[in-house]
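The values are calculated or read from the model by the stated rules, or taken from the named source; none is laboratory data. Note that the structure is a prediction, hence the values are computed from the model and not measured. All Cβ positions, even for glycine, are placed from backbone atoms using ideal geometry, and neighbour counts span all protein chains on display. Side chains are part of the model used for accessible areas, which takes the heavy atoms of the whole protein and leaves out ligands, DNA and RNA. Shrake-Rupley method; radii C 1.70, N 1.55, O 1.52, S 1.80 Å.
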Amino acid sequence: MISSSASERPAVQSSRNPDAAAASRGFRALLSDQWLRWVVVIGILVLWQIGTVVFEIPKFLIPSPIVIGQALWTYRAMLLTNTIPTVEEAAAGFILGNLIAVVLATWFVHVRTARQALYPLAIVIQSIPMVALAPVFVVAMGTGFSSKVAMTTLISFFPTLVNATRGLDAVERPLIELFQSVNASRRDIYVKLRFPNALPYIFLGLRVTATSSVIGAIIAEWVGAQEGLGFMVINSTYEFNAPMLWATLVVSSALVLCVFALVAVVERFVVPWQASAEMATGGKR
Amino acid sequence: MRQLSADVQASKAGPGQFDMSGDGVRCERVGLTYPTRPPLRALDDVNFHIEPGQFVSLIGPSGCGKSTLLRIVAGILPATQGAVTIDGATPFEAREQRRFGFVFQDAVLLPWRSVRQNVELLGEIVNLPKAERTRRAGELLELVGLAGFGQLRPSELSGGMRQRVAIARALALDPRILLMDEPFAALDEFQRETLNVELLRIWTERRSIVMFVTHNIEEAIFLSDRVLVMTPPPGRIASVVDVDLPRPRDLQLRSEPEFLRLRRTLRDLLIR
Ligand SMILES: Nc1ncnc2c1ncn2[C@@H]1O[C@H](COP(=O)(O)OP(=O)(O)O)[C@@H](O)[C@H]1O
Ligand SMILES: [Mg+2]
């Protein structure tokens, strides 16, 4: 993931780069990169297919890619209807958790005692294994939407809290003094300095929590849910339907990839200066 | 706030004309102790007076309290002894009236803003009307030789150009006092010389008090009316050297006998 984002960034930059030669070189590199990735993926699928045939592995143990493909088609309607609740739970928790995280981080940089009192607590909460929390939420809030959202909110909260706090803090002292020298208010310092400065850090949190909120939603659905991709995972396991299980896994990981890509695209629009800074330092941060 | 931003507009002295009235910067028996453990005495009994429109350099080894002194003058850090007055007002009042411009060793431009938007930043903070901000930014970019670079991002500029943007930004509210903390220390020798000449030209057009911190003796002489030599620790002003070299000045000046004599004097003072 990290290498893919680094190699995709220069392509954005190249559109603004007057040096056409450099731009096309960057584009070619990107293309060959993509090719290599597809070759690896297809290679693995082919070997997998050959392996299942040669070693006669029964499809209720490990189905071949072709069988999984057929299952994807057979269960397409069911997969789609079960993707929607998972996406909703993940999205609701993602938005809620990140919103709370940024608000809390804002509070932390302005009120030192708030940080001292609550930051350790947040770390304690974070240290609880999330998988173990799923039953706790179900017991407390029932098997409906809200227990799932509680889970995804909690998962989305911590990485962004840490990163946002760091980003809001990481302002160079001379800049603060510059603002102070014209008697800027704390609000000005926050709006015009701290918050934009924190955006790349916040997006670091968003990248992580976008994927983990989907995973969190699926895990939450393992416990007493009536719909969702996690429900399908459990259901197909009970029915010994390995092709359906694998098809569900394929859809789940496709969903995670989509969500990650979505955040990356939004980041490029919201934080374009970061892309150019990475360019200047050769992709390192 | 609104009231004050109106003041800024009203007190604006246009290019060329400079308001020479007022008392300037006066520092009387100023001392500062940082409340660290153990307490750190950064400044002790600092006295000087800078008249309106004067260019004064502060020179001295690292840690002798030069940056601290600028922070006190700017009203960002209260002195623990003595008093600073800016045209008779306290530094804090002067800060409320937006009388200071600040330039640091690093340009510290905001990377998410274009060059022009960086120059407009302080105008936004004091609520200048958009049209006025635009006008000033245009003028200032031209003044620092960056007309036509306004749309670029800071990351697309060289170190010297970024420092020019920082100067333009500092001038945006027509400060009475320009505080420069080793502004050219991170630049190479050639960029530094160019910017020294440029700074004098800019200062001739936008006359203000300049307090210029540097480690470089030649730079201090070349630019200043007066050089304050500081010693550590605790920081105090060990001597004051008047620079009676004619203006306008160019780089040739540096081989004149009087320049060389001043250089020797300052070197002796700093080594002692
Ligand atoms: N915020 C601070 N808290 C404690 N000590 C400080 C602080 N800022 C500077 N100092 C100390 O005060 C002394 C003077 O620092 P400074 O004004 O930065 O010197 P200069 O700019 O001449 O190098 C140094 O010994 C420095 O370590
Ligand atoms: Mg300093």
field: Boolean, B:G159 is surrounded by fewer than 21 Cβ atoms within 10 Å (Cβ to Cβ), touching a Leu at 6+ places or on another chain (Cβ under 7 Å) and not acidic (D, E)
entry: yes
- request: Tell me which of these B:R99 doesn't satisfy, since it passes every other one: (1) on the phi > 0 side of the Ramachandran plot; (2) open to solvent by 10 Å² or more (accessible area, probe 1.4 Å).
  value: (1)
- prompt: Only one of (1) buried (at least 24 other Cβ atoms within 10 Å of the Cβ); (2) not in a loop (DSSP other than H, G, I, E, B) is not met by B:R192, so which one is it?
  reply: (1)
task: Return a yes/no flag: does region B:173-187 have any residue that is farther than 25 Å from B:R95 by Cα and open to solvent by 50 Å² or more (accessible area, probe 1.4 Å).
output: yes
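Based on this model, can you work out whether B:V243 counts as buried (at least 18 other Cβ atoms within 10 Å of the Cβ) and more than 29 Å from B:E142 (Cα to Cα)?
yes
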message: Among the numbered criteria (1) within 14 Å of chain A (Cβ to nearest Cβ); (2) farther than 16 Å from A:I176 by Cα; (3) part of a helix (DSSP H, G or I), which one does B:I72 miss?
response: (2)
message: Condition check: closer than 19 Å to A:G93 by Cβ and either in contact with an Asp or Glu (Cβ under 7 Å, 6 or more places away or on another chain) or buried (at least 19 other Cβ atoms within 10 Å of the Cβ) (or both). Does A:S213 satisfy that?
response: yes
From A:L168, A:L121, residue being modelled with pLDDT under 90, aliphatic (A, V, I, L, M), at negative phi and in the same structural domain as A:I215 (by TED's automatic domain parsing): A:L121
query: Is there a residue in region A:72-80 that is under 18 Å from A:F231 (Cβ atoms), under 24 Å from the mean Cα position of the chain (by Cα) and loosely packed, with under 11 Cβ neighbours inside 10 Å?
result: yes
- request: Answer with yes or no whether A:E227 is assigned by TED's automatic domain parsing to the domain that holds A:I84 and not in a helix (DSSP H, G or I).
  value: yes
message: Can you pull out every residue in region B:77-120 that is farther than 21 Å from B:V46 by Cβ, more than 7 Å from chain A (Cβ to nearest Cβ) and part of a helix (DSSP H, G or I)?
response: B:V115, B:R116, B:Q117, B:N118, B:V119, B:E120
field: Of all residues in region A:160-186 being farther than 22 Å from B:P78 by Cα and open to solvent by 30 Å² or more (accessible area, probe 1.4 Å), the one that is farthest from the other protein chains (Cβ to nearest Cβ)
entry: A:V162
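Identify the residue in region B:176-191 that is of a type outside the set (S, T, N, Q) and within 22 Å of B:G150 (Cα to Cα) and, among all such residues, is nearest to ligand 2 (Cβ to nearest atom).
B:P183
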field: Residue identified as modelled with pLDDT of 90 or more, under 19 Å from the mean Cα position of the chain (by Cα) and either not in a strand (DSSP E or B) or not acidic (D, E) (or both) among B:N127, B:N47
entry: B:N47
- prompt: Can you tell me which residues in region B:141-181 are outside any helix (DSSP H, G or I), acidic (D, E) and either within 11 Å of chain A (Cβ to nearest Cβ) or within 13 Å of B:R113 (Cβ to Cβ) (or both)?
  reply: B:D181
query: Which ones in region B:20-78 are open to solvent by less than 70 Å² (accessible area, probe 1.4 Å), within 12 Å of ligand 1 (Cβ to nearest atom) and polar (S, T, N, Q)?
result: B:T33, B:S67, B:T68
- prompt: Using beta carbons and a limit of 8 Å, which pairs, at least six apart or on different chains, have the first residue in region B:186-215 and touching a residue at least 60 places away in the same chain (Cβ under 8 Å) and closer than 23 Å to B:G60 by Cβ and the second one part of a helix (DSSP H, G or I) and of a type in the set (S, T, N, Q)?
  reply: B:V213/B:S67
message: Scan region B:110-117 and tell me whether some residue there is out of contact with any strand residue (DSSP E or B) (no Cβ under 7 Å at 6 or more places or on another chain), crowded, with 24+ Cβ neighbours inside 10 Å and touching a residue at least 40 places away in the same chain (Cβ under 8 Å).
response: yes
